[in-house]
1. Apply the a/c threshold of 1.5 to the C-alpha gyration tensor of the stretch 444-504 and tell me whether it is rounded, prolate or oblate.
2. Rounded to the nearest 0.05, what FRET efficiency do residue 663 and residue 466 give with R0 = 30 Å and r taken as the Cβ-Cβ distance? Could you check?
3. Please work out the Kirkwood hydrodynamic radius for the stretch 221-359, using every pair of different C-alpha atoms, and report it in angstroms with one decimal place.
4. Output the Kirkwood hydrodynamic radius of the stretch 495-597, Cα pairs only, in Å rounded to one decimal.
5. Going by the alpha-carbon gyration tensor, a ≥ b ≥ c the square roots of its eigenvalues, is the stretch 418-530 rounded (a/c under 1.5) or, if a/c is not under 1.5, prolate (a/b greater than b/c) versus oblate?
6. Just rank 290, 241, 165, fewest to most, by other beta-carbon atoms within 10 angstrom.
7. Counting other C-beta atoms within 10 Å, which of 610, 467, 451 has the fewest, and how do the rest follow?
8. Rank these for me by crowding, 521, 499, 463, going from fewest to most other beta carbons within 10 Å.
């Protein structure tokens, strides 16, 4: 062997860095797995199954007025009847298993896929929900609280696992079937059978009835059979068929039976009537409180059986006064006449009183929360938008009728001419054409700016309102933009000098242990109350709307004897009773009827909206209910408003609105317009014993002297018809209009 060969040293090859990293990661993975398994068994061994929540069977949620003394009611009388599993037939047991946990008899008490979804929700910062097994649901009800936290979820998992190993599954199912909530105040299968079918004995429940009960227990609110919304009804049918199909897959029923049962829901004619706690006009208040608790994140179980003490914003005395006003200060003709009323406290958004109808049990249509065409009561938002845009209340606009907007002729009420008018007078007399001129000709993107102002004040953002950004008639409120509750709160923003507060009905929620779970100030006002309208703009809007009361369409409100601002509003169209005839005659009745009539008026202390509608769906003609030329907002809506506001403000110190900037309210000289009316205009009633106004706005010289008989004007815009059974308009008319 050569010397060179003997001295050669083998070369050591270095391991690739990726292999080394991979080895370390693999090692760490196994260490993590071992550690996790060890941790699981340690926690599992140390977990104790706690005592059953005895309070669960005794706590009832109570609801009070704001004074915490007068009860508003409770949501349900808790109904519980325990029956042994031996008296619950297999098809009833299987219906619940098919709906909630099809691997119940074989799983370890927890669902790996459900755990994965929970972990995913945690990572996304969402609430923990869904995916629970029957065992987990039972553990949550009987051993834990209803809170949705990570620690509580882990407790649930370990207790469910341990309970599944230590307790016979049949015992768990028996407990579950006797405690789960089915809606209607019914806890357990026996109470549920009685509530929905008048049958408390589970042994007498049919397959269809059992499948229906298994359907609603998943979410009694989401699958509420009394909710006539087509979307809700569709959800119920789909879920019911899912349960039926699950029973087929489990072998409980055969294919032929599955097809037969899936065709229709069981007969519900013996379903118990709504609880008498909802009887009368205050039933609408209780229903609103329940819905708001759901929006705040409280579960149906907590609301009905969590032992909560709920304090609402409703004022006991004001509510009594509102009911009196809404039921007594009405026209003589009252059949199918509906009044919606709401009063909000400026600065807090608290709903102090509301009238949605005479009896919640007879009709769940809440006329105070159903959205309607606001008509000219939407004009104050145009005033706010114009002021923000740099306009003044003395800028002048076209008051003659018609005016051409985007190639269409749009009109004033009765096709009346006013000549050139300033913004102050246009608001005072609700001159449509002047507002069309302002918004659609004198402001860039005017309709969108009106929508912005309305939403800033508190009108909820909806699809209909957003469509209004491109609609030249938005300023006249042609679509279902707002309800009386919405309008009362939006005007309250003006009353609070532009400070918005969300309208709400819950003041506080306290748990059975005395812990405050939610409070108006901490959880709502401190987070959502804010200045959304410039204070000077809001003060000027208040100034303009006070002029409506002093000299305009709302002069009767002066009877209150204190500082008042407000706006009338009517929306014209074709009532449902005339739509067939209108279609046959090619639109001969377009614009002939009054469909909504509003008065929203406010003081620094209270903002109250009153809406009148007629007919089963609220889309009938209001004019037959009044002796006036039309059912104007300055008539019966204002009278009903006064009937409430006078007693409501008795003993309350009088206060004034803050004055806007002095320079902004000084009139400036301009040429006096001298138009000649081409049509006989309607007269404005001249108030008696009225002090002279503190300012002299520019007004048209053609002051009307005659009152025409109300007939269909040749160019009054048309309103869209609605299908029978629709409570709210859904489409924007091509050439809408509104009156006073």
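1. Verdict is prolate for the stretch 444-504.
2. FRET efficiency, residue 663 to residue 466: 0.25.
3. 18.8 Å
4. Kirkwood radius, the stretch 495-597: 18.3 Å.
5. prolate
6. The order, fewest Cβ neighbours first, is 165, 241, 290.
7. Ranking 610, 467, 451 by Cβ neighbours within 10 Å, fewest first, gives 467, 451, 610.
8. Sorted ascending by nearby Cβ count, the order is 463, 521, 499.
Bear in mind these aren't lab numbers, they're just calculated from the coordinates by the rules spelled out. As the structure is a prediction and not an experimental result, all values here were calculated from the model. Every residue, glycine as well, gets a Cβ built from its backbone with ideal geometry; the counts of neighbours run over all protein chains shown.
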